[in-house]
Every structure is written in C-alpha cells, then in structure tokens.
Amino acid sequence: MKAIVKTERKPGNVEILEVEEPKIKEDDDVIVEIKSCAVCGSDLHAYEYPPSYEFMKVPVILGHEYSGIVKEVGSKVTDFKPGDRVMGESNQYCGKCSNCKTGKTNICLNSKMTGLMIDGSLAEYIKTKERYLHKIPEKLSFEEAAMAQPCAVSDHAVVDNTKIKPGDTVVVFGPGIVGLVAAQIVRVLGAKDVVIVGTDVDMELRIPIAQSLGFKTINVQQSDLSSELLNLTGRQKADVVIECSGANKALQDAATIVRKGGAITLVGIYNKPVEFPFTNLVRNEVVIRTSYTCKWDNYENVLMMLENKSVDLKPLYKIYPFKEAIKAFEDGLNKKVLKPVIRI
Ligand SMILES: [Zn+2]
Ligand SMILES: [Zn+2]
C-alpha cells in the first residue's frame, strides 16, 4: 500500500512509499481503509524534526486524524463490522493503568501517539483496536470526520475543563483549529462575547477565517488588548481565557486580561520554559486549569456537533489528493492553509 513515511532523523525526509499492508494479529484488531487524513501540527513538526521530537520511531507512517471504512475485524470485535464508516482516536491508551481505570484515558501512563510512536493513518490502511473507533454520522463527510480528532481536543478543554456561564465574555488566544473550534463550542454554551486574539502572522489567513465564523478579533501586536476588548465588548477584562497558542507572550496577556476571580484554561503546548506572572494571579484568585488531548465522550460530542452544524469546519480546511501530500505539508508549514486534509 501507499503511505507517507518519515524516513530519516533529519529535517524533511518525508516520502510517499510503498509499504506492507497491516494484518489482523489480535482478536480485537480492526483494519480501517482510510478515506481522509488531516495533517496535524505534530505531523508538520515531524517533517521539520526539531530537537523535542527524538522520541519518534523512525521510519514511521505519519498521521493520526483519520476517517475511513472498516475493512476487516478480529474475531472478538463486536461493535464494528466491515463497511462501517468510522473515525479513530489518536492516542492509544492502555486501558489498564490507574488513570485509564478512572476514566482519564487522555493521560494514560502508557499512552502511545499514533503516527509518531506507532504507524499512523497517512496510508491506505491502518490497524487499530475496536476501543479507539467511533461510528460517524451518515451525513458527515470523511474529511470533516477526520477533523473530529482536533475538535475533540477543543471539546475536552471547554466542556470538561472550563466553566462557561451564559453572558460570559471569553477571550481565546490562538486562531488555529483547536482555538477556532473551542470558540465555537464556547458560543454554543451561551457566552455573550467570544473574542479571538492573534498576531501579525495570523492576519492573512487565520484572523479572516475567525471573522468569517462571526467572531470579533484582536491583533495583539497592533492594538492594546484591554482597550480593544473594551471597544469590542464593553468589558475591560474577560471572565474566561482559553489559551490555545502555545506562545509565551499569550500567557502574559492571558494573565493581564482575565478578571479578578476569573479563569484561564491552558491548552497550547509550550516548546520552551515560559514565564507566568503568578503573584497577580494568586492575588486575584484566578482559577488555572490545564487540558490535554481528549477522551471517548469528547469524540462522540463533536461528531454530534459537526453533524448538527453547531461547529462549522468549512472555512478551516483544504483538500489535497494523495499524490500532492508533500505539497500539503509544505503549504501547512508555510501557513498557506490552516488545515490540510489529504484524501486517500
Ligand atoms: Zn493532531
Ligand atoms: Zn492507561
């Protein structure tokens, strides 16, 4: 089968190769014929191979945001049969550790990341387990179902780890897919104003997309955050801040813009040590929570929200044919497209 493989521990070296098809080995294995796979920021990092990615297995088939059709099932699989339309979870949790046993499969002690530590879904077929699959609604396209994975990350951050009250003013930092979907879920939950904050690099693509989804936006490099928030919402401070950018500066700004007694949820991944002004946050009794990946019910929630259109992905993605997969990576890295989705 064809697959997109990271072949060397060097920047670049991502190739379309002919590799062996996966086969059923254990009785809960499922083989999925992939229809669509979205390219994640971590796939782009794997392409670039920065210092923090030595944990990767190389060579490895990349990709973990996928949807497709069940091709074959192991003898003990009961919930899926060949022909079912499905999407798959990205983290293979063990199901046996103390976190898994208490339902926190997103922070499994033995978690393995698909497409980095085990072979991924940028290929014609993937072997996975019954417990990592979800059936997808009939009317949902394979492209959007593949993106249910990053949407589930937003769902976990907002629904499980943030308290939104009707009438809240909410600021979301980082207009990538996780931020833009988090903002939409916040709106569904009844916030009065949702403002998305970006920087100069977001002005060409991401901020216009945020605006097309009906959000007010601030470019924090061009205007003063508090006064612009006041202009847009009549409020100088936010009740809730959701930080999805992973930038040190956004942490400082989050601490400035949150009201006394408000809350900050951290979702972004910080690639270096960061500074956070804790003294003010302590004095203002600001609630700080973190949120990482997602769990079974977050996938089910977002599949429903994608089906009933309370979350709209249309302005976010661009479809590439399999033979243009390397171009999809390059366009993603050059910020020409917010979310490349490869049709397989
Ligand atoms: Zn991802
Ligand atoms: Zn576990």
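Selection of the range 253-266 for residues being within 23 Å of the chain's Cα centre (by Cα) and not hydrophobic (A, V, I, L, M, F, W, C) yields ASP253, THR265.
Checking the conditions here, which among LYS71, LYS76 is assigned by TED's automatic domain parsing to the domain that holds LEU116 and assigned to a loop (DSSP other than H, G, I, E, B)?
Working: LYS71 fails: assigned to a loop (DSSP other than H, G, I, E, B).
The match here is LYS76.
Of the candidates ILE69, ILE61, ILE24, the single residue that is within 23 Å of ALA152 (Cβ to Cβ), of a type in the set (A, V, I, L, M, F, W, C) and open to solvent by 40 Å² or more (accessible area, probe 1.4 Å) is ILE69. Across the range 163-174, which residue is nearest to ligand 2 (Cβ to nearest atom) among those that are under 27 Å from VAL39 (Cβ atoms) and touching a Ser or Thr at 6+ places or on another chain (Cβ under 7 Å)? That would be GLY174. Considering (1) farther than 19 Å from PHE322 by Cα; (2) surrounded by 13 or more Cβ atoms within 10 Å (Cβ to Cβ); (3) among the β-branched types (Val, Ile, Thr); (4) more than 16 Å from ligand 2 (Cβ to nearest atom), the lone condition that ILE107 does not fulfil carries the number (4). When LYS127 is tested against the conditions (1) in contact (Cβ under 8 Å) with a residue 60 or more places away in the chain; (2) surrounded by fewer than 15 Cβ atoms within 10 Å (Cβ to Cβ); (3) in contact with a strand residue (DSSP E or B) (Cβ under 7 Å, 6 or more places away or on another chain); (4) not hydrophobic (A, V, I, L, M, F, W, C), the lone failure is (2). Would you call HIS64 within 16 Å of ligand 1 (Cβ to nearest atom) and either more than 19 Å from the chain's Cα centre (by Cα) or touching a residue at least 40 places away in the same chain (Cβ under 8 Å) (or both)? Yes: the conditions hold for HIS64.
In the set PRO166, PRO150, which member is in contact (Cβ under 8 Å) with a residue 40 or more places away in the chain and either open to solvent by less than 40 Å² (accessible area, probe 1.4 Å) or out of contact with any His (no Cβ under 6 Å at 6 or more places or on another chain) (or both)? Before you say what the answer is, go through the steps one by one.
Values: PRO166 fails: in contact (Cβ under 8 Å) with a residue 40 or more places away in the chain.
Residue meeting the stated conditions: PRO150.
I'd like the residue in the range 94-148 that is within 15 Å of ligand 1 (Cβ to nearest atom), part of a loop (DSSP other than H, G, I, E, B) and touching a Leu at 6+ places or on another chain (Cβ under 9 Å) and, out of all such residues, is farthest from SER36 (Cα to Cα). Among residues in the range 94-148 that are within 15 Å of ligand 1 (Cβ to nearest atom), part of a loop (DSSP other than H, G, I, E, B) and touching a Leu at 6+ places or on another chain (Cβ under 9 Å), the one farthest from SER36 (Cα to Cα) is LEU116.
Taking the range 218-269 as the range and being buried (at least 22 other Cβ atoms within 10 Å of the Cβ) and of a type in the set (S, T, N, Q) as the test, the residues that pass are SER245, THR265.
Among the residues of the range 72-93, which ones are away from ligand 1 (no atom under 16 Å from the Cβ), free of Cβ contacts under 8 Å to residues at least 60 places away in the same chain and surrounded by 16 or more Cβ atoms within 10 Å (Cβ to Cβ)? Step through it out loud before you land on a result.
Just the residues of the range 72-93 that are away from ligand 1 (no atom under 16 Å from the Cβ), to begin with: 72-86.
Now drop any that are not free of Cβ contacts under 8 Å to residues at least 60 places away in the same chain, which leaves 72-84, 86.
Answer for the range 72-93, where residues must be away from ligand 1 (no atom under 16 Å from the Cβ), free of Cβ contacts under 8 Å to residues at least 60 places away in the same chain and surrounded by 16 or more Cβ atoms within 10 Å (Cβ to Cβ): GLU72, VAL73, GLY74, VAL77, PHE80, ASP84, VAL86.
Of ILE196, ILE185, ILE164, which residue is part of a loop (DSSP other than H, G, I, E, B) and of a type in the set (A, V, I, L, M, F, W, C)? The unique qualifying residue is ILE164.
Here the range 39-58 is the region considered, the condition is being among the hydroxyl-bearing types (Ser, Thr, Tyr) and buried (at least 16 other Cβ atoms within 10 Å of the Cβ), and the residue that is farthest from ligand 1 (Cβ to nearest atom) is TYR49.
The values are calculated or read from the model by the stated rules, or taken from the named source; none is laboratory data. Small disclaimer: the values here were computed from a predicted structure and weren't measured. As a convention, Cβ positions derive from the backbone with ideal geometry for all residues, glycine included, and neighbour counts pool all protein chains shown. These area figures cover heavy atoms from the full protein model, side chains too; ligands, DNA and RNA do not enter into them. Shrake-Rupley method; radii C 1.70, N 1.55, O 1.52, S 1.80 Å.
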